[in-house]
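The values are calculated or read from the model by the stated rules, or taken from the named source; none is laboratory data. Just so you know, these numbers come straight off a predicted model, no measurement behind them. Every residue, glycine among them, receives a Cβ derived from its backbone with ideal geometry; neighbour counts consider all protein chains shown.
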Amino acid sequence: MAEHDHPAKALKDFEQRLARGSDAERGEAVARRHARGYRTARENLADLLDDDTFVEYGGLAVAAQRGRRSYEELQRETPADGVITGIGSINGEFVIAERARTAVVMYDYSVLAGTQGFFHHAKIDRLLEVAARQKLPTVMFTEGGGGRPGDTDVTTQIAGLNVPTFARWASMNGAAPRIAVNNGYCFAGNAALFGAADLRIATRSSNIGMAGPAMIEGGGLGSFAPQDIGPAEMQYRNGLIDCLVDDEAAATRMARRLLWYFQGDVTPAPATAAVSLRDALPADRRWGYAVRPIIETVFDRDSFTELQRIYGRSVVTGLARLQGRAVGVLASDCQQLGGAVDSDAADKAARLLRLCNRAGLPVISLVDTPGFMVGPDSEAQGAVQRMSALFEASATMQTPQLAVFLRKAYGLGAMALVGGGFAVPDYAVAWPTGEFGGMGLEGAVRLGFRKELEAEEDPERRDALYQSLLAKMYEQGRAQEAAAHLEIDAVIDPAATRDHLIQALYHRSPK
C-alpha cells in the first residue's frame, strides 16, 4: 500500500486541511476581529448552537480563485469560501430534539469581507434547499460586502445573475421562520438577504444598505464612508430592524429567543398577579397609560418580546406565550398619537399578522384606539393604500384571533386591529371601561349635532349642551351596551383577562 493511501495518513492530512481554516490557525484574522470588539464567525456559531450538535456542509470549499492564487493560500485565507453552512440544534434544553434542529448560514467577514462568491452561493443554495425540504427554521448572520468580482475560475457565466440564492431565500416564507442577524457592515446582496427575513436582529454597530461605498461612488452618486450608509439607529426608525441590541452576544441570545416562539409549546411560566389589571387604566378616560405592563401581566411572565419598538409607535407588536403556547400580540399604545393607527403602525401590524399567519400562531389584540389617523398629512403618507393593506392582512388570517377592548374602539382602525370587523375574532370581549362608536365620541357629537350646537349662541350653554350630548353618546356606546346588542361577545373583569383568553384559545384550533 502506498504511503498516501494509508488510512492513518489520509486522516492526518484531512485534519491538517481542516485546521488551516480554523480560528486557531488564523491568528491575524481573529486578532483583527477582536480588535474591533467583534467575534469570529466560529465564535458566534458556537454561542448560537447547542454543544456538539453542528453538522457542517461545504466546509472544505475555498474561493474560486485557483487561477490567481495558490491552493494552500486559498485554504488558509478563504476557508469555507467566506460562509459557514450547516445544521445544528438550538434551544434543545426547552424543546424536543426534532424541533430544535435549525439550519444556519454564518457569513464570515474575516474572509474576503464576507463577500458572495461562486462556491459561497452554491453552499447557501444547497443548505436552503435542504432546509426547505425538511421544513427547518433558518438563522442567517449576514455581515458582508455583497457580490465578489474576483472569482476568476468561473468562466462559463457573464454577469453571474442566475444564482438562485435570493429567490430561494425569499420563497421560504412559510411555516419555518427565517431569522437574520447582523453586526457590522451589510451591503448589497447581504442586505437583500437580511431584509427578506421574517425577523431581523441587528447590533448598534451595524450599517445596512442596498449598496456599499464602492457601488455608490461607481454610480456617480458621491463618495461616502461605510459608516454613513444605513446606520442601525436610522434603520431601526425605518422599521427594517425588529430588535436592536448592543453586540453580537446579545444578538445571538435574541436569535435563540425569537426562534423559541416557533418551536412548539413549552412548560408555562408563572403569571404576574392579575388583580393589578383592575387599576391599570386611569379614572379619566382622556388620560393615557402604559400598555406594556398590561401585556406583561396578561401573558406568561417574561415571555413578551417586542418587535419594531420605535416604528409605528401607536401600535405595539411582538411575540409572547400564553400558558406555554406562542402567540402574536397587537396592542394599542394610547401614549402615542392617542392610540390612532397611522400608516407606519398599519404596516407594522400587517407585517406581524402575515408572520403569524404563515407560522400558524394565534394573534391576540389589546385595543384602545380612536381609529385610523386622518388628515392631509396622513394622506400624504399613503394612508389609504397602507391602511387598506392592514384589512387585507387581517382578512386573510387562517389562525385564531382574539380581541380584548381595553377602552376606546372606534371606527375602521379598531376593526382593522381585530381582523377587519368585530365578528371576525373567535372571541371578542371588553373590559368595563370599553367604549364603542363609528368614530370618536367628541367628533361624532360635533359632526352629528353641528346644527344644534351652532344654534346655541351662549358659549357656556353651548358647552353644556355639548357635554350632555357627549355623556349620552358615551352611555350608549359603553361596553355593556355593546355586549347587550351582541356587537361583542362579553364584558369581563380585567383581572380575569388571562383566564378568559386561555380558555378561548385552547378551545380553538387553527382554521
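Select from the stretch 54-74 the residues that are within 21 Å of Gly86 (Cβ to Cβ) and without any contact (Cβ under 8 Å) to a residue 40 or more places away in the chain and write down the one among them that is farthest from the chain's Cα centre (by Cα). Residue satisfying both the conditions and the ranking: Leu74.
Among the residues of this structure, Ala63 does not count as one that is in the same structural domain as Gly144 (by TED's automatic domain parsing) and more than 25 Å from Phe119 (Cα to Cα). A single member of Asp302, Asp333, Asp342 is more than 20 Å from Leu412 (Cβ to Cβ) and free of Cβ contacts under 8 Å to residues at least 60 places away in the same chain, and it is Asp302.
Considering each residue of the stretch 193-200 in turn, at least one proves to be of a type outside the set (A, V, I, L, M, F, W, C), crowded, with 23+ Cβ neighbours inside 10 Å and touching a strand residue (DSSP E or B) at 6+ places or on another chain (Cβ under 6 Å). For the stretch 159-168, the criterion of being modelled with pLDDT of 80 or more and outside any helix (DSSP H, G or I) is met by at least one residue.
Of the residues making up the stretch 10-18, not a single one is touching a residue at least 60 places away in the same chain (Cβ under 8 Å) and farther than 22 Å from Thr203 by Cα. Ala80 fulfils the conditions (1) touching a residue at least 24 places away in the same chain (Cβ under 8 Å); (2) at positive phi; (3) of a type outside the set (Lys, Arg); (4) surrounded by fewer than 24 Cβ atoms within 10 Å (Cβ to Cβ) except for a single criterion, (4). Would you pick out the residues in the stretch 408-437 that are surrounded by fewer than 22 Cβ atoms within 10 Å (Cβ to Cβ), in contact (Cβ under 8 Å) with a residue 60 or more places away in the chain and assigned to a strand (DSSP E or B)? Selection gives Tyr427 alone.
State which residue is farthest from the chain's Cα centre (by Cα) when the search covers only the stretch 262-283 and only residues that are aliphatic (A, V, I, L, M) and under 27 Å from Ala97 (Cβ atoms). In this case the residue turns out to be Ala269.
Considering only residues in the stretch 390-407 that are surrounded by 19 or more Cβ atoms within 10 Å (Cβ to Cβ) and among the small types (Gly, Ala, Ser), the one that is nearest to the chain's Cα centre (by Cα) turns out to be Ala393. The residues listed here are Gly146, Gly150; of these, the one that is surrounded by 21 or more Cβ atoms within 10 Å (Cβ to Cβ) and either modelled with pLDDT under 90 or closer than 30 Å to Tyr71 by Cβ (or both) is Gly146. Output the number of the condition that Asp247 fails; it satisfies all remaining conditions of (1) in contact with a strand residue (DSSP E or B) (Cβ under 9 Å, 6 or more places away or on another chain); (2) within 21 Å of Lys348 (Cβ to Cβ). Unmet condition: (2). The test for being free of Cβ contacts under 8 Å to residues at least 24 places away in the same chain, closer than 30 Å to Gly324 by Cα and within 36 Å of the chain's Cα centre (by Cα) holds for Ala46.
Val384: β-branched (Val, Ile, Thr), modelled with pLDDT of 90 or more and in contact with a Leu (Cβ under 9 Å, 6 or more places away or on another chain), yes or no? No: the conditions fail for Val384. Checked against (1) among the β-branched types (Val, Ile, Thr); (2) buried (at least 18 other Cβ atoms within 10 Å of the Cβ); (3) in a helix (DSSP H, G or I); (4) touching a residue at least 40 places away in the same chain (Cβ under 8 Å), Ile216 meets all criteria but (4). Annotation: Phe405 fulfils all but one of (1) part of a helix (DSSP H, G or I); (2) at pLDDT 90 or above; the unmet one is (1). You will find that of Asp302, Asp279, Asp247, Asp242, the residue that is charged (D, E, K, R), touching a helix residue (DSSP H, G or I) at 6+ places or on another chain (Cβ under 9 Å) and within 30 Å of His34 (Cβ to Cβ) is Asp242 and no other. Identification of helices (runs of 4 or more DSSP H) wholly contained in the stretch 5-56 with 1 or more residues that are acidic (Asp, Glu) and over 24 Å from Met254 (Cα atoms) yields 7-20, 27-35.
Kindly indicate whether Val55 is of a type in the set (Val, Ile, Thr) and either at pLDDT below 85 or over 20 Å from Ile124 (Cα atoms) (or both). No. When the test is whether a residue is farther than 30 Å from Thr115 by Cα, within 24 Å of the chain's Cα centre (by Cα) and of a type in the set (D, E, K, R), Asp247 does not pass it. If you check Ala46, Ala29, Ala41, Ala100 for being over 21 Å from Arg257 (Cβ atoms), surrounded by 14 or more Cβ atoms within 10 Å (Cβ to Cβ) and in the same structural domain as Thr152 (by TED's automatic domain parsing), only one passes: Ala29. If you go through the stretch 448-467 and keep only what is over 23 Å from Gly437 (Cα atoms) and in a loop (DSSP other than H, G, I, E, B), you end up with Glu456, Glu457, Asp458.
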